[in-house]
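Notes to accompany the following structure.
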Amino acid sequence: MGFSSQTQGMDKEASLPEALGQSEAFIDFQEQISKVAPIERPVLILGERGTGKELAASRIHFLSKRWQRPFVTLNCAALTPTLIGSELFGYEKGAFTGAGVRQAGRFETASEGTLFLDEIGTIPMEVQEKILRVVEYGSFERVGASRSIHVDVRIVAATNVDLFSMAQSGEFKQDLLDRLSFEVIYVPPLRYRRDDILVLSNHFAGRMAFELGWEDIPEISSQALKALEAYPWPGNIRELKNVIERAVYKSPTPEIKEISFNPFTCPYGDTLEKRNGSKKTGQGPEISSIRGETALEEGAVLHKLLKEKSFKQAMGELEYYLVSRALKSCRFNQKKAAQSLGLSYDQFRGIRKKHAGRM
């Protein structure tokens with residue numbers, strides 16, 4: 001996916017991105033989008049990686065009254081803290097080294113349209129203050145300028161982290177979260193959309209076959225479909241797309257029988273040098289059973305979760321993290337989750353009850 005993109009007014013039907021599914025979770029999700037789209041208020045989209053948060057944002061825009069105006073996106077995680085302010089608000093000539101000309105920011109570009117801020121949880125606090133001013137007053141100043149610019153922009157933001165907890169711990173501005181969360185929409189993970197796996201697989205397979213110049217339409221075998229439906233899909237729809245496209249291009253016939261979930265399986269054994277303490281399994285990086293994180297990434301999550309906490313607060317956060325992770329891994333089967341943590345069922349229920357307000 002690109003660093004950023006902009007879509008100007010065009011034929012409405014042609015502009016609506018594809019959204020495929022027939023499961024109850026998917027239909028409920030689409031109904032939420034359709035209901036909030038015409039309302040001129042900010043929307044916060046929460047969901048795991050690869051679930052299609054940008055797709056949801058674009059549908060909100062194209063189903064809104066602003067559909068003929070710009071839809072501008074910004075991946076906040078792709079920018080350094082020093083660049084994100086000038087990217088959002090623009091800058092005047094000479095504002096800093098390298099600013100040879102005046103540059104409009106994303107807020108100006110999106111005026112009268114929609115600005116989609118992906119991975120909003122990565123925005124530094126000082127930039128959050130400026131965004132809050134735009135949300136409240138519709139005005140801001142370019143970097144290096146003193147004159148205010150007024151814009152009419154609808155903000156749709158997305159993230160895969162717990163912004164509510166970040167706000168409680170002071171890592172995200174509570175006032176901004178309050179303004180952005182007129183409506184909060186959760187994108188259903190693919191593991192909650194089992195009925196959609198065949199529909200999506202056929203779609204991705206057909207597109208890949210067309211790209212390859214096949215005359216025959218690919219068909220997913222029953223054995224392959226069972227494997228697809230049994231897989232937990234930590235990377236969600238993005239991962240499914242890769243798996244299906246890889247299976248189609250490798251298949252000698254239009255019937256897709258072989259499914260490879262891990263492209264990092266080395267046919268020559270454990271030949272690569274390991275880094276960051278990864279276990280030598282010969283299966284690529286060690287993968288978390290919940291979100292497909294490497295051990296290094298999971299360590300970063302824990303560091304962020306526990307930093308600057310008292311001992312009591314840190315233990316509480318760690319309890320919540322481990323219980324939540326175990327529940328997701330075991331598809332919310334509490335007995336299995338308790339076993340995976342080495343706890344009795346009563347011990348597990350006691351800890352879960354203590355954090356019931358957050359689950």
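Residue by residue, here is whether (1) of a type in the set (S, T, N, Q); (2) in contact (Cβ under 8 Å) with a residue 24 or more places away in the chain; (3) assigned to a loop (DSSP other than H, G, I, E, B) holds:
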residue	(1), (2), (3)
34	yes, yes, no
45	no, yes, no
48	no, yes, yes
51	yes, yes, yes
86	yes, yes, no
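Among the candidates 161, 156, which residue alone is over 27 Å from residue 321 (Cβ atoms) and buried (at least 16 other Cβ atoms within 10 Å of the Cβ)? I'd like the intermediate steps shown before the answer.
Working: 161 fails: over 27 Å from residue 321 (Cβ atoms).
Unique residue meeting the criteria: 156.
Starting from the stretch 245-274, take each residue that is closer than 14 Å to residue 228 by Cβ and list its partners that are in a helix (DSSP H, G or I) and of a type in the set (S, T, N, Q), counting only C-beta distances under 7 angstrom and pairs at least six apart or across chains.
257/223
Within the stretch 297-322, take every residue that is of a type in the set (Asp, Glu) and within 16 Å of residue 166 (Cβ to Cβ) and give me the one that is modelled with the lowest pLDDT.
Among residues in the stretch 297-322 that are of a type in the set (Asp, Glu) and within 16 Å of residue 166 (Cβ to Cβ), the one modelled with the lowest pLDDT is 308.
If you scan the stretch 208-238, which residues turn out to be part of a loop (DSSP other than H, G, I, E, B) and at negative phi?
Across the stretch 208-238, the qualifying residues are 214, 215, 216, 217, 218, 221, 231, 232, 234, 235.
Assess whether residue 80 counts as being within 18 Å of the chain's Cα centre (by Cα) and assigned by TED's automatic domain parsing to the domain that holds residue 123.
no
What residue, among those in the stretch 231-257 that are over 19 Å from residue 191 (Cα atoms) and either among the small types (Gly, Ala, Ser) or surrounded by 14 or more Cβ atoms within 10 Å (Cβ to Cβ) (or both), is farthest from the chain's Cα centre (by Cα)?
Among them, the one singled out is 254.
Would you pick out the residues in the stretch 109-141 that are part of a helix (DSSP H, G or I), of a type in the set (Val, Ile, Thr) and either free of Cβ contacts under 8 Å to residues at least 12 places away in the same chain or touching a strand residue (DSSP E or B) at 6+ places or on another chain (Cβ under 9 Å) (or both)? Even if it seems obvious, please write down each step before you answer.
Within the stretch 109-141, the first condition is being part of a helix (DSSP H, G or I), and the residues that meet it are 109, 120-122, 125-137.
In the following step, the residues that additionally are of a type in the set (Val, Ile, Thr) were identified as 109, 120, 122, 127, 131, 134-135.
Correct list: 109, 120, 122, 131, 134, 135.
Would you call residue 237 within 26 Å of residue 329 (Cβ to Cβ) and not assigned by TED's automatic domain parsing to the domain that holds residue 52?
On the way: within 26 Å of residue 329 (Cβ to Cβ): yes; not assigned by TED's automatic domain parsing to the domain that holds residue 52: yes.
The answer is yes for residue 237.
Which condition does residue 289 not pass, out of (1) of a type in the set (S, T, N, Q); (2) over 22 Å from residue 197 (Cβ atoms); (3) modelled with pLDDT under 75, if it passes all the others?
With respect to (1) of a type in the set (S, T, N, Q); (2) over 22 Å from residue 197 (Cβ atoms); (3) modelled with pLDDT under 75, residue 289 is out only on (2).
Could you say whether any residue in the stretch 207-230 is out of contact with any Cys (no Cβ under 7 Å at 6 or more places or on another chain), surrounded by fewer than 20 Cβ atoms within 10 Å (Cβ to Cβ) and within 23 Å of residue 28 (Cβ to Cβ)?
Yes, the conditions are met somewhere in the stretch 207-230.
Could you say whether any residue in the stretch 81-94 is touching a strand residue (DSSP E or B) at 6+ places or on another chain (Cβ under 8 Å), closer than 27 Å to residue 239 by Cβ and surrounded by 22 or more Cβ atoms within 10 Å (Cβ to Cβ)?
Checked against the condition, which is being touching a strand residue (DSSP E or B) at 6+ places or on another chain (Cβ under 8 Å), closer than 27 Å to residue 239 by Cβ and surrounded by 22 or more Cβ atoms within 10 Å (Cβ to Cβ), the stretch 81-94 yields no hits at all.
Name every residue in the stretch 61-78 that is in a loop (DSSP other than H, G, I, E, B) and touching an Asp or Glu at 6+ places or on another chain (Cβ under 6 Å), in order of residue number.
So the first thing to find is which residues in the stretch 61-78 are in a loop (DSSP other than H, G, I, E, B), and the list is 63-70.
Once the filter is applied, which keeps residues that are in a loop (DSSP other than H, G, I, E, B) and touching an Asp or Glu at 6+ places or on another chain (Cβ under 6 Å), the stretch 61-78 yields only 69.
Among the residues of the stretch 170-180, are any basic (Lys, Arg), within 28 Å of residue 104 (Cα to Cα) and without any contact (Cβ under 8 Å) to a residue 60 or more places away in the chain?
Yes, the stretch 170-180 contains at least one residue that is basic (Lys, Arg), within 28 Å of residue 104 (Cα to Cα) and without any contact (Cβ under 8 Å) to a residue 60 or more places away in the chain.
Is it the case that residue 156 is in a strand (DSSP E or B), aliphatic (A, V, I, L, M), assigned by TED's automatic domain parsing to the domain that holds residue 25 and on the phi < 0 side of the Ramachandran plot?
Taking the combined requirement at face value, the residue satisfies it.
The values are calculated or read from the model by the stated rules, or taken from the named source; none is laboratory data. Please read these numbers as outputs of a predicted model, since none were measured by experiment. Counting neighbours? That spans all protein chains shown, and the Cβs are built from the backbone with ideal geometry, glycine included.
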